[in-house]
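No lab work stands behind these numbers, since they all come straight from the coordinates. Values in this document were obtained by computation on a predicted structure and should not be read as measured data. All Cβ positions, glycine included, derive from the backbone under ideal geometry; neighbour counts span all protein chains shown.
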Amino acid sequence: MIHKNKELGDLQEIVKQLRESLFGERHTATFFKNVEDYWSLVKEKLWFETNLFQADIACKTHVFVDSLPNTEEWLVESVLKDLINEGFPAYQLIGEIQTAGATVHGTEDPKLLAEELEYQKESRNRFMEDEEIDTAKGERLLKERDEVIIERVHKEVPDGEIAIVFIGRLHNVIGPLSDPPYNFKIAQL
């Protein structure tokens, strides 16, 4: 999962400042152009390599997205609709998969997401003040979020059906999903 700044909500300014301080404005602008290209490529691969947009396959497909809270179905749909309407390429693709017949699931524990948001804000402040960041806390939060995501995928996807997990590269869910007791067959794009 690669996010544009606006997708990050309350974190967008923090992430923008960090990216620009680390990579400069020009490289940050190039990054966002690459985000658009990336999602076009993902759509193309899904379209041509998986036949995912065919109704008989899509109806057996379950979509999970990092940072999408596991809450009431109407709220998940509302958040998803807002993100699609905002024009975010990842969510537009997810919306197309859903329109083809897939089920999009709320994926993450809202309490852990809120804790992650607070941690990111605190880390940004420490970074700006040139103070030490509590990386152990960040690693613990990420591990807890990963465990929840793995359990959610396992719980919601019946045998013989398909899970698509849109996940950031810092997460560690893909490998564990292929290991016992889950044993999902993994194909990465």
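Extension gain, Asn125 to Glu36: 0.36 nm times the residue separation minus the Cα-Cα distance gives 29.1 nm.
Segment Asp56..Thr71, full-extension length gain: 2.7 nm, with 0.36 nm per residue of separation and the alpha-carbon distance subtracted. For the pair Thr99 and Asn172 in one chain, pulling the backbone fully straight at 0.36 nm per residue adds 23.4 nm over the alpha carbon distance. In the chain, the longest principal axis of the Cα atoms and the axis of helix 135-156 are about 10 degrees apart. Only the Cβ atoms of Lys and Arg (+1) and of Asp and Glu (-1) were treated as charged; on that basis the dipole of segment 33-180 about its Cα centre amounts to roughly 320 debye. Residues whose amide H lies under 5 Å from that of Val104, counting only those 5 or more places away or on a different chain, are Val63; hydrogens are built 1.01 Å from N in the peptide plane.
Residues in segment 157-164 carry Karplus couplings, in order, of 9, x, 3, x, 9, 10, 10, 10 Hz; the curve used is 6.51 cos²θ - 1.76 cosθ + 1.60 with θ = phi - 60°, and Gly or Pro positions show x. If you line up the long axis of helix 73-85 against the longest principal axis of the chain, both from Cα atoms, how many degrees apart are they, to the nearest 10? Long axis of 73-85 versus the principal axis of the chain: about 70 degrees. Entry note, the chain: the mean residue ellipticity at 222 nm calculated from DSSP H runs of n ≥ 4, each adding -39500 (n - 2.57), is -20000 deg cm²/dmol after division by the residues and rounding to the nearest 500. Evaluating 6.51 cos²θ - 1.76 cosθ + 1.60 at θ = phi - 60° for every residue in segment 103-110, the Karplus couplings come out as 9, 9, 9, x, 10, 10, 5, x Hz, glycine and proline recorded as x.
Spatial offset of segment 120-189 relative to segment 54-84 amounts to 18 Å, using the alpha carbon center of each.
Go ahead and run the numbers for FRET between Lys81 and Ala114, Cβ-Cβ distance against an R0 of 25 Å, rounding to 0.05. Efficiency, from the Cβ-Cβ distance: 0.70. With a simple spin-label model that places each label point 7 Å from the Cα along the Cα-to-Cβ direction, the separation between Gln17 and Glu44 comes to 3.8 nm. Normalising the average separation of contacting C-alpha pairs (under 8 angstrom, six or more residues apart) by the number of residues puts the relative contact order of the chain at 26 percent.
Among the GluC sites (Glu not before Pro) in segment 116-147, those placed in a DSSP loop whose Cβ has at most 13 other Cβ atoms within 10 Å are Glu129, Glu131, Glu132.
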